[in-house]
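Okay, so here's the structure we're looking at.
The values are calculated or read from the model by the stated rules, or taken from the named source; none is laboratory data. Owing to the predicted nature of the structure, the values given are computational and were not obtained by experimental measurement. Methodologically, a virtual Cβ is constructed for each residue, glycine included, from the backbone with ideal geometry; neighbour enumeration extends over all protein chains shown.
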Amino acid sequence: MCGIFGITDNSDASKLAYVGLFTLQHRGQESAGIVSDSGGILLHHVGMGLVNEVFNNDVLEILKGRSAIGHIRYSTTGSSHIKNAQPLLLNSCLGAVAVAHNGNLTNADQLKDSLQKNGAIFQSSSDSEVILHLAARYRGRRLEDTLAKNLPKLAGAYAFLFMTPGKIIGARDPYGYRPLVLGKKGRSFILSSETCAIEVAGGKTIREIEPGEMVILEGGKARFKRFAPVKQFTRCIFEQVYFARPDSEVAGRTVQTARYEIGALLAKELKHIKADIVSGVPDSGTVYALGFSEESWIPYQTAFMRNHYTGRSFIQPDQCLREFTAQLKLAPIRDVIKGKTIILIDDSLVRGTTSRKIVASLKRAGAKKIIMAIASPPIISPCYFGIDTPNREELIANKLSIDKIRRFIGADELHYLSLESLVSACGGHKDRNFCVSCFTGKYF
Ligand code: SF4
């Protein structure tokens with residue numbers, strides 16, 4: 001995942017970047033960082049942890065300047081280490097350049113090998129640094145020309161923010177896998193992974209950056225430049241299924257609306273099923289369950305109490321504490337559950353181990369029957385575009401039939417949403433507009 005946020009022409013740039021990153025915190029909790037442009041000098045602060053652990057007022061006061069870019073990291077490639085925290089800041093023949101990256105470059109290893117053979121020295125093990133080394137070797141007159149020359153050499157998924165003194169550039173890969181949105185707040189331009197961060201920072205969303213397009217924010221203006229033709233718009237459909245905040249807008253509709261409709265379509269596909277209540281695995285499952293309830297007339301009930309304090313601070317140092325993780329996160333509400341046939345909705349089923357624990361805890365609390373309904377199709381293939389799915393062998397739907405998965409998780413019934421319904425609820429057409437490769441095993 002990862003989240004990126006940038007803002008220009010604002011005396012509170014680093015503070016607004018903090019607000020933006022804080023709003024995007026659900027996209028990554030491993031590290032956070034901001035680079036600000038203080039009259040042509042790029043100032044840098046990164047740290048491991050949540051946004052409010054990495055920054056305080058004193059740090060934000062030091063990050064002076066009228067422009068800033070920020071990043072929160074969820075590691076996919078590169079180890080969990082401070083040297084991989086972003087934005088990366090490099091001083092090279094291009095001058096000072098900072099980069100914040102969301103995505104995964106599938107040809108990073110080959111490019112890195114060839115750059116190292118030609119003398120490049122990498123500071124981090126993350127794939128994001130490759131573009132800066134490429135840019136240092138194949139230069140154009142301006143940074144945007146340099147990027148236009150080098151971005152087409154990258155394969156995979158990316159939304160980038162680059163900063164040099166006086167300029168911020170946002171760029172999105174030719175497929176548009178990872179999100180990048182442009183907004184405005186007074187005279188300031190904002191670039192963000194999600195619209196929710198633009199709104200919370202007091203701005204208004206203008207539009208998505210198109211696949212293969214870059215936007216150059218300089219001198220109070222925004223210029224657009226195409227560096228690659230649009231191949232086929234293939235946004236990651238997991239933005240709607242799981243990653244994005246419900247108040248963000250993706251492909252012309254809020255994520256909340258898409259999830260509600262997904263729940264309703266799931267109810268239509270399962271209209272033969274009878275149950276006492278429908279409930280969702282918090283948080284995303286709740287909206288699906290509400291949509292399901294309205295369509296099916298089966299009452300919605302909250303079956304779990306979610307503990308909101310188990311974030312990354314809840315470490316799992318040994319087997320004893322690990323045993324309690326599921327119960328600590330989700331505690332069943334006994335009176336709601338006892339003696340009931342429950343339709344339980346979750347966004348996806350990856351390894352099956354979490355669902356198994358959840359079903360067991362509902363059964364222990366006295367549920368009569370658990371009908372597990374998944375708001376997406378079976379995940380049969382890994383993601384190569386920056387989403388942290390396990391390898392093929394760990395994906396339960398790649399190994400077992402639906403009935404065997406049902407037995408593994410201990411549910412009485414197991415149902416998945418069809419791909420057609422998922423794509424249509426998200427606002428797309430079959431096999432268009434969205435990447436669905438982890439459900440089909442077909443990659444572009
Ligand atoms: S493979 Fe799946 S997780 Fe990866 S970008 Fe495509 S839809 Fe998203």
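Taking every residue in the stretch 372-386 that is closer than 13 Å to GLY280 by Cβ and pairing it with any residue that is within 11 Å of the ligand (Cβ to nearest atom), at least 6 positions away or on another chain, the pairs with Cβ-Cβ distances below 9 Å are ILE374/SER348; ALA375/VAL241; ALA375/SER348; ALA375/LEU422.
All of (1) of a type in the set (Lys, Arg); (2) at pLDDT 95 or above; (3) in contact with a Ser or Thr (Cβ under 8 Å, 6 or more places away or on another chain) hold for LYS15 with one exception: (3). Can you tell me how many residues within the stretch 160-214 are among the charged types (D, E, K, R), more than 16 Å from the ligand (Cβ to nearest atom) and outside any strand (DSSP E or B)? Residues flagged as among the charged types (D, E, K, R), more than 16 Å from the ligand (Cβ to nearest atom) and outside any strand (DSSP E or B) within the stretch 160-214 amount to 3. Of the helices (runs of 4 or more DSSP H) lying entirely inside the stretch 218-335, those carrying at least 3 residues that are surrounded by fewer than 22 Cβ atoms within 10 Å (Cβ to Cβ) and at pLDDT below 90 are 319-323, 325-329. May I ask you to verify whether ARG235 is within 16 Å of the ligand (Cβ to nearest atom) and charged (D, E, K, R)? Spelling it out, ARG235 is indeed within 16 Å of the ligand (Cβ to nearest atom) and charged (D, E, K, R).
The selection criterion, being free of Cβ contacts under 8 Å to residues at least 24 places away in the same chain, in contact with a His (Cβ under 9 Å, 6 or more places away or on another chain), outside any loop (DSSP other than H, G, I, E, B) and of a type in the set (Lys, Arg), does not hold for LYS149. On the basis of being in contact (Cβ under 8 Å) with a residue 40 or more places away in the chain, within 16 Å of the ligand (Cβ to nearest atom) and among the β-branched types (Val, Ile, Thr), does ILE405 make the cut? Judged against the criteria, ILE405 is not a match. Restricting the stretch 391-444 to residues that are over 25 Å from ILE370 (Cα atoms) and aromatic (Phe, Trp, Tyr) leaves a set whose member that is modelled with the highest pLDDT is PHE434. In the set GLU61, GLU30, only one residue is without any contact (Cβ under 8 Å) to a residue 40 or more places away in the chain and among the acidic types (Asp, Glu); that residue is GLU61.
Is it the case, given these coordinates, that CYS435 is outside the structural domain of THR257 (by TED's automatic domain parsing) and either touching a residue at least 40 places away in the same chain (Cβ under 8 Å) or more than 16 Å from the ligand (Cβ to nearest atom) (or both)? Yes: the conditions hold for CYS435.
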